[in-house]
Amino acid sequence: MSYIAEYIWIDGTEPTAKLRSKAKVVDDGAEPPIWGFDGSSTNQAPGDKSDVVLRPVHVIHDPVRGGDNKLVLNETLLTDMTPHPTNTRAACAAASEKYGELDTWFGMEQEYTFYEGRNPLGWPSKSGFPAPQGGYYCGVGADEIFGRAVVNDHLQACIDAGLHISGINAEVMPGQWEFQIGPVATPRAADEMWLARWLLYRIAEDHEGPSGIPISATLSPKPVEGDWNGAGCHTNFSTNQMRESFDACIAAAEALGAEGKPELHIANYGAGIELRLTGQHETARYDEYSYGVSDRGASVRIPWQVERDGKGYIEDRRPNANCDPYTVTRLIVETVGAAATGK
Ligand code: ADP
Ligand code: MN
Ligand code: MN
Ligand code: MN
């Protein structure tokens, strides 16, 4: 019996790359082979030199098709087998190896917003537009919760696929949710994040909203203007030193604030970050860097238990929901790694 391998990759769409996938039937017992696609249709190649190579980097059980079928995450290569210019994984893997002695772990909190057609799910529902935010975060009841069936199916699918998903919660804006991946080293953390995003989009296809339109999910950083929270991807991380020492946690927070670093990170933490990091709605302004214990208005938060225990991890609250997790985790590994090792 053959199995179906759904080949997933990240395209060249600007300013925010999109996920693409297509299926290949593979002989029973064979590994998913190197494959390719038409890069002229994904903003990754001109039409006269259109071949882009897909190299499998992370293979998991396919919880949607079930059976022996697989989801195959790929990196993109040029035909000479060097990384494609849109391949951000290669640099992430290289940084992770360079600073491997620090064994850096990541826990990423992916916020996202459901849509039904052109409106966020529940905007409006049959009973009208939602009341101002306040009661939705971790809420319960049909007046506050929109899309729970998709969230639960996605959570179970991620577990069945063997991803390191660590939880879900309803967010501050109605129709907005979060899942967390980690803690796990990168590039695996970012691989799993891209696979979990693909599963979210795919599973939502099979669910309808109250108007009978299939549900979609977006990583837009500010889906609704005005007095509504945006969507981020808080990135928690720890080195082996931070897991033993509070001073190392502070040193990491200082390293992220060193000259030139805040600008470098903000410029690579997702398109439209100025729209979300306004200084309101539990954010610090994009052009001001700060850190503090328990401070949800700081760029970087040190959780209260970390201060109490004198060791642990810190939370970079700046990345947008639409960030590239390869780039975010690479930058943190490089900035904190260089400060910690002098390399
Ligand atoms: P918040 O209180 O900010 O909403 P969450 O519980 O949503 O926090 O997410 C915290 C994330 O931090 C989880 O993904 C968790 O796995 C991760 N995490 C926990 N310990 C560590 C650690 N030592 N290093 C890196 N990440 C960690
Ligand atoms: Mn969270
Ligand atoms: Mn959140
Ligand atoms: Mn958080």
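All but one of (1) small (Gly, Ala, Ser); (2) out of contact with any helix residue (DSSP H, G or I) (no Cβ under 9 Å at 6 or more places or on another chain); (3) within 16 Å of ligand 2 (Cβ to nearest atom) hold for residue 149; which doesn't?
(3)
If a residue must be in a helix (DSSP H, G or I) and crowded, with 24+ Cβ neighbours inside 10 Å, how many such residues does the range 303-329 contain?
Matching residues across the range 303-329 total 4.
Can you name the residue in the range 97-147 that is of a type in the set (A, V, I, L, M) and within 16 Å of ligand 1 (Cβ to nearest atom) and, of all such residues, is farthest from residue 172 (Cα to Cα)? If you could, list the steps in order and put the result at the bottom.
Just the residues of the range 97-147 that are of a type in the set (A, V, I, L, M), to begin with: 102, 108, 121, 131, 140, 142, 145.
Going one step further and asking which of them are within 16 Å of ligand 1 (Cβ to nearest atom), we end up with 102, 108.
Details: 102: 35, 108: 18 Å.
So, considering only residues that are of a type in the set (A, V, I, L, M) and within 16 Å of ligand 1 (Cβ to nearest atom), the one farthest from residue 172 (Cα to Cα) is 102.
Can you confirm whether the range 207-215 contains a residue that is surrounded by fewer than 24 Cβ atoms within 10 Å (Cβ to Cβ), away from ligand 1 (no atom under 16 Å from the Cβ) and among the β-branched types (Val, Ile, Thr)?
Restricting attention to the range 207-215, the residues satisfying the condition of being surrounded by fewer than 24 Cβ atoms within 10 Å (Cβ to Cβ) are 207-215.
Next, only the ones that are away from ligand 1 (no atom under 16 Å from the Cβ) stay: 207-215.
The next check asks that each one be among the β-branched types (Val, Ile, Thr); those that pass are 213, 215.
Yes, the range 207-215 has at least one match.
So if I check each of 283, 239, which one is under 25 Å from residue 91 (Cβ atoms), of a type in the set (S, T, N, Q) and crowded, with 20+ Cβ neighbours inside 10 Å? Even if it seems obvious, please write down each step before you answer.
Working: 283 fails: under 25 Å from residue 91 (Cβ atoms).
Answer to the check: 239.
Need the failing condition index for residue 145 against (1) hydrophobic (A, V, I, L, M, F, W, C); (2) more than 16 Å from ligand 3 (Cβ to nearest atom); (3) more than 19 Å from the chain's Cα centre (by Cα), just the number.
Every condition holds for residue 145 apart from (2).
What is the residue count in the range 181-197 for residues that are within 16 Å of ligand 3 (Cβ to nearest atom) and over 23 Å from residue 6 (Cα atoms)?
Looking only at that region, the number is 1.
Given the options 260, 312, 297, 279, name the one that is in contact with a strand residue (DSSP E or B) (Cβ under 7 Å, 6 or more places away or on another chain) and small (Gly, Ala, Ser). Working first, answer last.
On the way: 260 fails: in contact with a strand residue (DSSP E or B) (Cβ under 7 Å, 6 or more places away or on another chain); 297 fails: in contact with a strand residue (DSSP E or B) (Cβ under 7 Å, 6 or more places away or on another chain); 279 fails: in contact with a strand residue (DSSP E or B) (Cβ under 7 Å, 6 or more places away or on another chain).
Exactly one residue qualifies, and that residue is 312.
Mind listing whichever residues of the range 155-191 are away from ligand 1 (no atom under 11 Å from the Cβ) and in a helix (DSSP H, G or I)?
155, 156, 157, 158, 159, 160, 188, 190, 191
Residue by residue through the range 303-313, note down the ones that are within 16 Å of ligand 2 (Cβ to nearest atom) and more than 20 Å from the chain's Cα centre (by Cα). Even if it seems obvious, please write down each step before you answer.
Of the range 303-313, the ones within 16 Å of ligand 2 (Cβ to nearest atom) are 303-306, 312-313.
Selection gives 303, 304, 305, 306, 312.
Rundown of residues vs (1) more than 16 Å from ligand 3 (Cβ to nearest atom); (2) under 30 Å from residue 124 (Cα atoms); (3) among the aromatic types (Phe, Trp, Tyr), yes/no style:
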| residue | (1), (2), (3) |
| --- | --- |
| 225 | yes, yes, no |
| 234 | no, yes, no |
| 249 | yes, no, no |
| 262 | yes, no, no |
| 304 | yes, no, yes |
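Just give me the residues in the range 252-270 being surrounded by 17 or more Cβ atoms within 10 Å (Cβ to Cβ) and under 17 Å from residue 295 (Cα atoms), in sequence order.
252, 253, 256
For the condition of a type outside the set (Phe, Trp, Tyr), surrounded by fewer than 22 Cβ atoms within 10 Å (Cβ to Cβ) and under 16 Å from the mean Cα position of the chain (by Cα), what is the one hit in 184, 172, 140? Walk me through it before giving the result.
Values: 172 fails: under 16 Å from the mean Cα position of the chain (by Cα); 140 fails: under 16 Å from the mean Cα position of the chain (by Cα).
After ruling out the rest, the residue left standing is 184.
Among the residues in the range 198-216, are any farther than 26 Å from residue 131 by Cβ, within 13 Å of the chain's Cα centre (by Cα), within 16 Å of ligand 3 (Cβ to nearest atom) and not acidic (Asp, Glu)?
Yes: the range 198-216 contains one or more residues that are farther than 26 Å from residue 131 by Cβ, within 13 Å of the chain's Cα centre (by Cα), within 16 Å of ligand 3 (Cβ to nearest atom) and not acidic (Asp, Glu).
For the range 163-179, name all the residues that are away from ligand 2 (no atom under 11 Å from the Cβ) and within 17 Å of residue 194 (Cα to Cα).
The answer is 163, 164, 165.
For the range 286-302, give me each residue that is surrounded by fewer than 14 Cβ atoms within 10 Å (Cβ to Cβ) and within 20 Å of the chain's Cα centre (by Cα).
Scanning the range 286-302 gives a single hit, 296.
Since every read-out is calculated from the coordinates, none of them should be taken as a lab result. As the structure is a computational prediction, the values presented were derived from the model and not from experiment. Every residue, glycine as well, gets a Cβ built from its backbone with ideal geometry; the counts of neighbours run over all protein chains shown.
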